[in-house]
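Below: the structure, in structure tokens.
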Amino acid sequence: MQNKLRCAALAIAIAAASSVQASSEDAVVVTATRIPERASVLTSDVSVITREQIERAPQASLAGLLQAQPGLQVTTNGGIGTPSSVSIRGGSSQQTLVLIDGERLSSSTVGTTALENIPLNQIERIEILRGPASSLYGADAVAGVIQIFTRKGEGAPHVSLEAGAGSYRTTVGSFDYGGRTGNTSFNVNLGYTDSGSFSATKPGTYGYNPDRDPYRNRNLSAQITQRLDADNRLGARLFYSDGRTHFDAANCDPTYTVCTDNFDNYQKQTLNSASVYSRNRFTPRWTSELRFGRSEDNLTSYYLDPVAGSVSGQGYRTTQDQYMWQNDIALSSGKLMLAAERRVEMVDSNAVAYTVGERTTNALVGGYQLWLGPHTLQLSARRDDNSQFGSHNTGSLGYGYQFNPAWRATASVGTAFRAPTFNDLYWPVDYSSFYVGNPKLRPERARNRDVGLVYETAAQRFSLTAYDNRVSNLITFGNALAPAFFVTTVNVGSAILKGATASYDGHFGNWKLRASYDVLSAKDADSGKHLIRRAKDSGSVELRYGAGRWDSGAQLVASGPRWVDAANTQQTGGFGLLNVDTRYVLARYWSLIARVNNLFDKKYELVQGFNTPGASLFVGVRYEAK
């Protein structure tokens, strides 16, 4: 603990002592309040990943990119394209809300978003809000929100192309064309990824098959905005991703008497989201946005019947219709946000007969921001009415005090909840799984409080945030009423998520330094045991140098050990991964890209029994005619 405190104190001292000045853009953030606002005046713990950072990141996947962010921990079940999950401040992946251009794109049966099938070439920027946000976004924002914004057109219309190849027989390519012409802004992005990968599982793991588990993805996004006049505009967005992932599994006949691992299992998953919106400024103080969107997560996994020799697909599809009307009102003493939402979730499966396949949520939400001299106040409240579990109210209150132009302190409290999934509620009696859903489940509930200290100048930013999140009504497994050998989902668990996050971002001439360090205590409140797959210590450091034609960087991502089982008897080892990358401008529009991930070929596990990539090289070329 003394070493941890020394690290925090050293980081504060570095930030406070430095007097280097350089131009630095004060990022505009939407996710923290649902209204575009400068990050420097927020009371929330938020960070932004820009398109420039994505292009220069050594990671090749969204999961890898998020793994290096403050307060986040990631797990993957194998190589690229395999199921990935993210934890914010120790919360589960089901307690993290992921949005794409303001829309939910997730599975209502398992309660997560397929991060592995959201390619980096489609992303303009990412906003990460750490801490509960159900008072703004409703269910599932217990630990935080990750909002992904797809590529958009700016400036004169231009083309960018990128292609490359690397280890594990990986090839990638993307095409992007967009910009503004007259009153029309547009963008189209096409991309593909093919990887030979490696075996997802290790020998001795249930279902192990020594063959490679390759991955293929084809993706598309498009946006268009038409400016009708100075106060009115119409727009539409589209996102589509088609992924095929191979995996290892045990394949059994219907009676589970004959099983084999000797089949190349695979799954197909398509993600798509489309929305249209009208944004109108009715008065100088009142702006309104009306939006309708539909998203779909369609997953089919293919298995072999070793007796009949037939292959069948088990499919699960979630469709969500989302309606939103939001009004932003500028007041003489602050900003007011009022919104009404409606979401209709529909699930369908050829493998599971859900007794209920649809639910509706209607919500009213309001937010208010106030600035009085050095004081900042941030309020939000929301009421969700769900057709399954009734009404649920959440709220948050944040306060900030600016001591001087560089230093400010923040404090906040808030409540949140997670809705049970359709699997939690309606999974039928199935002798292949030996558990049954519970339609009487209530939402998980959370109460969070945190305090923060921020130092910020034009050249650098340091933040230190401590939090305490108490989660109750956790959905876990308990005894079923009948038959006696089945288990069911019940609201009996509780958890305490406590910790601190320190982050630093500095610019020193041609040098850039980013670093973060997290201390986490994620425990079961009843047993006192640590929650699985959460490291107590994690962090990252990235140092970059750019001058002339060169831009190069080195990044270290580190994590302590993680518990494998709820009884805390087994652990995966800690690890440190060194990634390096460089970019060289060959000519006016052309640049060469090279990166090496896991430079020292570190052997490590994120999930017990599943492999992770070793040292890998990627080389590519980029053309951008701006």
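The values are calculated or read from the model by the stated rules, or taken from the named source; none is laboratory data. Remember, predicted model here, so these are calculated numbers, not experimental data. In this analysis, Cβ positions are derived from the backbone assuming ideal geometry, glycine residues included, and neighbour counts consider all displayed protein chains.
Below, the figures for the structure above:
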{"quantity": "Candidate set: region 144-168, residues that are under 23 Å from the mean Cα position of the chain (by Cα) and part of a strand (DSSP E or B); chosen: the one surrounded by the most Cβ atoms within 10 Å (Cβ to Cβ)", "calculated": "GLY144"}
{"quantity": "Strands (runs of 3 or more DSSP E) (entirely within region 333-430) containing at least 2 residues that are in contact with a helix residue (DSSP H, G or I) (Cβ under 7 Å, 6 or more places away or on another chain), touching a residue at least 40 places away in the same chain (Cβ under 8 Å) and closer than 17 Å to ILE35 by Cβ", "calculated": "358-372, 375-386"}
{"quantity": "Whichever residue in region 599-624 is of a type in the set (Val, Ile, Thr) and closer than 19 Å to THR82 by Cβ and, among such residues, is nearest to the chain's Cα centre (by Cα)", "calculated": "VAL607"}
{"quantity": "Selected residue [under 29 Å from THR201 (Cβ atoms) and touching a residue at least 24 places away in the same chain (Cβ under 8 Å)] from GLY78, GLY102", "calculated": "GLY78"}
{"quantity": "Qualifying residue in region 320-342 (condition: crowded, with 16+ Cβ neighbours inside 10 Å, closer than 27 Å to SER107 by Cβ and among the hydroxyl-bearing types (Ser, Thr, Tyr))", "calculated": "no"}
{"quantity": "Selected residue (criterion: surrounded by the most Cβ atoms within 10 Å (Cβ to Cβ)) from residues of region 578-598 that are more than 25 Å from the chain's Cα centre (by Cα) and aliphatic (A, V, I, L, M)", "calculated": "ILE593"}
{"quantity": "Selection count where residues are touching a residue at least 40 places away in the same chain (Cβ under 8 Å), within 26 Å of GLY452 (Cβ to Cβ) and charged (D, E, K, R), scope region 513-532", "calculated": "1"}
{"quantity": "Residue match in region 36-43 (condition: closer than 30 Å to LYS498 by Cβ, part of a loop (DSSP other than H, G, I, E, B) and at pLDDT 90 or above)", "calculated": "yes"}
{"quantity": "Residue list for region 546-568, restricted to those being more than 25 Å from TYR517 (Cβ to Cβ) and aromatic (Phe, Trp, Tyr)", "calculated": "TRP550"}
{"quantity": "Selection within region 10-34 - under 20 Å from GLN402 (Cβ atoms), surrounded by fewer than 20 Cβ atoms within 10 Å (Cβ to Cβ) and at pLDDT 80 or above", "calculated": "ALA27, VAL28"}
{"quantity": "Filter result for the condition that a residue is in a loop (DSSP other than H, G, I, E, B), β-branched (Val, Ile, Thr) and in contact with an Asp or Glu (Cβ under 9 Å, 6 or more places away or on another chain), over VAL311, VAL307", "calculated": "VAL307"}
{"quantity": "Which listed residue is small (Gly, Ala, Ser), surrounded by fewer than 18 Cβ atoms within 10 Å (Cβ to Cβ), in a loop (DSSP other than H, G, I, E, B) and in contact (Cβ under 8 Å) with a residue 24 or more places away in the chain, from ALA554, ALA566", "calculated": "ALA566"}
{"quantity": "Residues located in region 347-366, provided they are over 23 Å from SER312 (Cα atoms) and either crowded, with 18+ Cβ neighbours inside 10 Å or not hydroxyl-bearing (Ser, Thr, Tyr) (or both)", "calculated": "VAL356, GLU358, ARG359, THR361, ASN362, ALA363, LEU364, VAL365, GLY366"}
{"quantity": "Residue within region 129-138 that is in contact with a His (Cβ under 9 Å, 6 or more places away or on another chain) and either of a type in the set (A, V, I, L, M) or buried (at least 22 other Cβ atoms within 10 Å of the Cβ) (or both) present", "calculated": "yes"}
{"quantity": "Of all residues making up region 169-189, the number that are of a type in the set (A, V, I, L, M) and either surrounded by 17 or more Cβ atoms within 10 Å (Cβ to Cβ) or free of Cβ contacts under 8 Å to residues at least 12 places away in the same chain (or both)", "calculated": "1"}
{"quantity": "Candidates GLY509, GLY478, GLY493 - the one that is under 21 Å from PHE417 (Cβ atoms) and more than 27 Å from the chain's Cα centre (by Cα)", "calculated": "GLY478"}
{"quantity": "Index of the failed condition, THR193 passing every other in (1) surrounded by 18 or more Cβ atoms within 10 Å (Cβ to Cβ); (2) under 22 Å from ARG588 (Cβ atoms); (3) out of contact with any Asp or Glu (no Cβ under 7 Å at 6 or more places or on another chain)", "calculated": "(2)"}
{"quantity": "Region 314-325, residues that are touching a residue at least 40 places away in the same chain (Cβ under 8 Å) and touching a Lys or Arg at 6+ places or on another chain (Cβ under 7 Å)", "calculated": "GLN320, GLN322, MET324"}
{"quantity": "Residue match in region 466-481 (condition: of a type in the set (Gly, Ala, Ser), at pLDDT below 85 and farther than 17 Å from LYS498 by Cα)", "calculated": "yes"}
{"quantity": "Residue within region 570-577 that is hydrophobic (A, V, I, L, M, F, W, C), surrounded by fewer than 17 Cβ atoms within 10 Å (Cβ to Cβ) and not in a loop (DSSP other than H, G, I, E, B) present", "calculated": "no"}
{"quantity": "Every residue from region 572-626 that is of a type in the set (Ser, Thr, Tyr) and in contact with a Lys or Arg (Cβ under 6 Å, 6 or more places away or on another chain)", "calculated": "THR572, TYR584, SER591"}
{"quantity": "Any hit, region 517-532, residues being closer than 30 Å to SER160 by Cβ, part of a strand (DSSP E or B), within 24 Å of the chain's Cα centre (by Cα) and not aliphatic (A, V, I, L, M)", "calculated": "no"}
{"quantity": "Test set (1) in contact with a Ser or Thr (Cβ under 6 Å, 6 or more places away or on another chain); (2) under 17 Å from LEU66 (Cβ atoms); (3) charged (D, E, K, R); (4) not in a loop (DSSP other than H, G, I, E, B) - ARG622 fails condition number", "calculated": "(2)"}
{"quantity": "Scope region 365-401; condition in contact with a His (Cβ under 7 Å, 6 or more places away or on another chain) and closer than 16 Å to SER40 by Cβ; matching residues", "calculated": "TYR401"}
{"quantity": "Selection status of PRO439, buried (at least 22 other Cβ atoms within 10 Å of the Cβ) and either at pLDDT 95 or above or of a type outside the set (A, V, I, L, M, F, W, C) (or both)", "calculated": "no"}
